[in-house]
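Asks: One structure coming up, written as structure tokens, with questions to follow.
The values are calculated or read from the model by the stated rules, or taken from the named source; none is laboratory data. Being a predicted model, the structure only gives us computed values, none of them experimental. Here the Cβ positions follow ideal geometry from the backbone for every residue, glycine too, while neighbour counts run over all protein chains shown. Ligands, DNA and RNA are excluded from the accessible area calculation, which covers all protein heavy atoms including side chains. Shrake-Rupley method; radii C 1.70, N 1.55, O 1.52, S 1.80 Å.
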Amino acid sequence: MPSPDFSPVTVIGGGIAGSTAAIALSRHGLPVTLIDEQSEAGGQIFRAPSPYARQTVPPNHEFSGGDTLRGKLAASDVTVRLGTRVWGLSPSLTLDLIGSDGMSQLPPSTVVVANGATERFFPFPGWTTPRITGLAGASILMRNGGTLPGQTVVVAGSGPLLFSVAHQVLELGGKVAAIVDAGSRTDWFRLGAMLALDPSRMAQALSWMGQLRKAGIPIHHRSFLSSAQETESGLLLTVSEMDHPQRRHLYAAETAACGYGLKPSTLITRSAGVQHHHDALGGYLEPVTDVAGRTSRPDLYVTGDAAGIRGMAVARLRGLVTAHALAQDRGLISSATYESLTRTPRRQLRRLDAVSRRMLPLMNAGRELAASVHDDTIVCRCERVTAATLRSAIHSGAKDLNQLKAWTRCGMGPCQGRMCEDSARNLVTGTCKNTPEDAGSFTARMPFFPLPLTSVTGTFDYSDIPLPKAAPL
Amino acid sequence: MTVALHEKPAVYDAVIVGAGVMGATTALFLARAGLNVAMIDRQDMFRAASGVNAGTLTLHMTRAQLIPHAIRGREMWLNSAEWLGEDVGALATPGLSMAFTEAEEDLLRQRARVRQEMGAPIEIVSPERAISIEPGINPGLRAAAYCALDGHIPTYRVGGAYARALKQAGVTLIENAAVETIASSGGQGYEIRLANRNQAVHAHRVVLSTGAWLEKMLGWFGHDIPIRCLINQLVVTETLSPVMNSVLSIANGLLSLKQFANGSVLIGGGWQGEGNIRDGGTRVIPENLQGNVRLAQHVVPQLNTAQILRVWLGLESETPDAMPLIGPLTHDDNAFVVGCVHSGFTSGPYMGRLLAERILGADPDLTAFDPYRFSSSPATGSQP
Amino acid sequence: MSNGPSPVTFTYLTQTIEGFEGEPVAAALRRAGILELGRSGIDNSSRGAFCFMGSCQECRIRINGTVAYACKAPVFSNMTITPYAQS
Ligand SMILES: Cc1cc2nc3c(=O)[nH]c(=O)nc-3n(C[C@H](O)[C@H](O)[C@H](O)COP(=O)(O)OP(=O)(O)OC[C@H]3O[C@@H](n4cnc5c(N)ncnc54)[C@H](O)[C@@H]3O)c2cc1C
Ligand code: FES
């Protein structure tokens, strides 16, 4: 056993995984700093509701779970830095932060990345109008903000979130015009049989699905939102069937919510240079980790959905196991102690992991959509790059995402490719013979999101500027 | 031109190693002259300096001795439709280099004089005149050097344009294949071995145009020339309403500032980050980011409403005398180099064309760029 | 819940908006029927809060002049909201 090493640990992300890991790490006696961009811990699922949402949204498991987690965090020795975002990092893992107190840096430490997931989108004509939100976005607006995206909503995309969002719309007194699912009905039934094993949200999604159907809400499987047109009072939405593109269904709604599953947020892990691989089932890039979240760098661990989308139950277990593994790697506990502390969580993890991996193809059911998107459709929202522009660059030889970005500006805008990377990759693999691995991913660059220029410059005098030696004449 | 060869020859007339602006232009003009050309790169083409540079077409920052070349290169960019086949969007603008202190003013005047002598139409103007040319600048300046021939080019449009032109000219492009060795194959030219490929590539002639990666390859041909690798920092803002029209810089050359047609402002000037030729740019140095951006904000105060969108680092190469390497590397005139050109994006098309002309038998004056200047035996004009 | 959310008013451009302290600005604006929060700097098309997670950057506005995310910035009394104008 190595001699105990009590140097600091930084956890990025205060969702279920990060908060659980931070608390467990500090119980091992480690000085832990937890950083989260939100004003309260909880992450996406246990996000703290606004005072208004507490009044409008019926009490639920996520509110109470989040309150409990925040309570435990407050009672722990973890130093919590909320409202703080990591915008860059150095090869030695110095973290560049910006918060309400301005810019700061955290010296190199062992980092546990628990920054969760980002939603995946596939484009369609009209998807940039403010009347369309992401599916996860709509859920956050309703749960955290207690506010309907619109009085009538078309809920579209893929994965279990579809049914939970539809349920939330009804809960707040709105109407669901239709549910449009890229997955097939049989996929769901096949999954249903297996869900007896899983007491969690997946089962709930299936029961909501049944309720929604009973309520007479049209549910289109193997279908997708193929266009959104603005009308005087809202949107005219076209739903197309994936296997019979000529079959269309029209719906009028005030807004639509559309999203195609989640993917790990990898900007931080990519810029830290850890190894990643393409998970074929999930259709996304994820860091290569062992069961405890160890990566190819000894000073960086990844836990929760950031290591692959598995949902909240797995996130908690992963957070625990990562913390104990880190404590073992630091020589704070023996391997025998690690074994006994993690025996139960690891057994639960194994079972839940298998179940939640089965969900991935359902979330990724829209994978064929980006490749067939119409030429005029905007793929990159920020730089307004159309599918035609991307296809023509691919034909000129840009078969790798970074070359595609360099030649078309796709992914160069403020969101840094978070909205378009999956579509761009699917366009490449659908247009030429390149695999997702060949196509790669956009190089992560800092800042990870735009920074006010004055936050970098501060107040200064010309004479403060350390002008380097003049260039040769 | 329709000489596109679809069959790969057993031995290429010329293989270009390094697909940046230098190598690609050389390849283009060689292929158009009827040679069978292949171009090899360790990654995708135009991803190194030629894909990430600031796109300034300036005479204020170019080395004084290279001003005639920069003027010709700038003209080529402005007429890219004619020789490249596409208008890549180069824009002619004025350029202003500014001085804010007495020392800077001296430097400005001294540098302007040398550049004028080399043919740059630069004149020193008063603060009032500078402000009338560019109303957004800090009125606290003491003097400015004004140059009518300046401008910029949206770098991102260049790589795709070259790809199409090269394809049309029949150049075989081999990407993601680092050249590991080049050996002479018994009087039959060269055998070029690539990483991850069993098949070697054969060529009668080779051109080295590997930018920051030149040093090792030059060694294969007996030239020990230390190549310094600069890790240049660039910062781009989100789009904002127009705050400037010209290319702005300061007396010591450590700022380049311009606003592109889409509204984004690019801040450069050669501030350094950390990195190396193996890993590329590895770290933005916070103090250098802050210094570079402060300088920009000092020059154009309205940048205080901007948002910094991205920071990146690019590798640029420099010889011990900061002058280019262009010309033959061997006495039999079968191996050549083109690279290490200061402000090389501006003059790149012209430099690449010069080398192509040299290879095709013309005799442009490349004396100042002769790689043999770093060793004892000069090669210029020598024949086997 | 002992004390419910506190109602406050704030200004969006010239309009007075009613909201509740601490709720995301985008939620209060949405209930007031304001979905467009800005325009694309590239094609001037209308954009609003899309991801609600701080990823898309399309909900950015200015609160008393400072750039903020409408999807997470909390409402407070008498704040003044203007669009985050790109070019
Ligand atoms: C950040 C930055 C900003 C700049 N701004 C300006 C500016 O505003 N104006 C201006 O005029 N100039 C500017 N420059 C300079 C200009 O970009 C360069 O002078 C010019 O692009 C160099 O072109 P090149 O072809 O010599 O090198 P590169 O473009 O670097 O090309 C070299 C190629 O060789 C390849 N290679 C390397 N090793 C191997 C191997 N073993 N096998 C095969 N291939 C290999 C590389 O992958 C690369 O594609 C800037 C440079 C940088 C880095
Ligand atoms: S809605 Fe996407 S960042 Fe706020």
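Asks: Quickly run through the stretch A:231-256 and pick out the residues that are in contact with a Leu (Cβ under 8 Å, 6 or more places away or on another chain) and closer than 18 Å to C:Ser46 by Cβ.
Replies: Answer for the stretch A:231-256, where residues must be in contact with a Leu (Cβ under 8 Å, 6 or more places away or on another chain) and closer than 18 Å to C:Ser46 by Cβ: A:Leu236, A:Leu237, A:Ala253, A:Glu254, A:Thr255, A:Ala256.
Asks: Which one of A:Arg85, A:Arg81 is open to solvent by 20 Å² or more (accessible area, probe 1.4 Å), away from chain C (no Cβ under 14 Å) and on the phi < 0 side of the Ramachandran plot?
Replies: Criteria check complete, one pass: A:Arg81.
Asks: Hey, another quick one. Would you check which residues across the stretch C:41-73 are more than 7 Å from chain A (Cβ to nearest Cβ), more than 13 Å from ligand 2 (Cβ to nearest atom) and not aliphatic (A, V, I, L, M) and list them?
Replies: Passing the criteria: C:Gly41, C:Asn44, C:Arg62, C:Asn64, C:Gly65, C:Thr66.
Asks: Do you know which of the residues in the stretch C:30-40 that are surrounded by fewer than 20 Cβ atoms within 10 Å (Cβ to Cβ) and in contact with a strand residue (DSSP E or B) (Cβ under 7 Å, 6 or more places away or on another chain) is nearest to the other protein chains (Cβ to nearest Cβ)?
Replies: C:Glu36
Asks: Right, another one. Looking only at residues in the stretch A:28-40 that are within 14 Å of chain C (Cβ to nearest Cβ) and assigned to a loop (DSSP other than H, G, I, E, B), which one is least open to solvent (accessible area, probe 1.4 Å)?
Replies: So the residue we want is A:Asp36.
Asks: Give the residues of the stretch A:107-138 that are open to solvent by 10 Å² or more (accessible area, probe 1.4 Å), more than 8 Å from chain C (Cβ to nearest Cβ) and closer than 30 Å to C:Phe20 by Cα, sorted by residue number.
Replies: A:Asn115, A:Gly116, A:Ala117, listed by residue number.
Asks: Still on this structure: How many residues, within the stretch A:220-241, are modelled with pLDDT under 95 and either in contact with a Cys (Cβ under 6 Å, 6 or more places away or on another chain) or not charged (D, E, K, R) (or both)?
Replies: Residues in the stretch A:220-241 being modelled with pLDDT under 95 and either in contact with a Cys (Cβ under 6 Å, 6 or more places away or on another chain) or not charged (D, E, K, R) (or both): 1 in total.
Asks: Scan the helices (runs of 4 or more DSSP H) fully inside the stretch A:374-449 and keep the ones with 1 or more residues being surrounded by fewer than 24 Cβ atoms within 10 Å (Cβ to Cβ) and within 14 Å of chain C (Cβ to nearest Cβ).
Replies: Ranges flagged: A:387-396.
Asks: Looking at (1) touching a helix residue (DSSP H, G or I) at 6+ places or on another chain (Cβ under 6 Å); (2) modelled with pLDDT of 95 or more, which is the one condition that is false for C:Gly4?
Replies: Condition (2) is where C:Gly4 drops out.
Asks: Then there is this: Among C:Leu29, C:Leu37, which is the only one that is in contact with a Gly (Cβ under 6 Å, 6 or more places away or on another chain) and within 14 Å of ligand 2 (Cβ to nearest atom)?
Replies: When all the criteria are applied, what remains is C:Leu37.
Asks: Does any residue of the stretch B:160-179 turn out to be open to solvent by 60 Å² or more (accessible area, probe 1.4 Å), away from ligand 2 (no atom under 16 Å from the Cβ) and without any contact (Cβ under 8 Å) to a residue 24 or more places away in the chain?
Replies: no
Asks: What single numbered condition from (1) over 22 Å from C:Ala49 (Cβ atoms); (2) touching a residue at least 12 places away in the same chain (Cβ under 8 Å) fails to hold for A:Ala228?
Replies: Condition (1) is where A:Ala228 drops out.
Asks: Which of the following residues is touching a residue at least 12 places away in the same chain (Cβ under 8 Å) and over 23 Å from A:Met412 (Cα atoms): B:Gly281, B:Gly270, B:Gly291, B:Gly263?
Replies: Answer to the check: B:Gly291.
Asks: With the condition being of a type in the set (A, V, I, L, M) and open to solvent by 50 Å² or more (accessible area, probe 1.4 Å), I'd like the helices (runs of 4 or more DSSP H) fully within the stretch B:11-116 carrying at least 1 qualifying residues.
Replies: Result: B:67-78, B:80-83.
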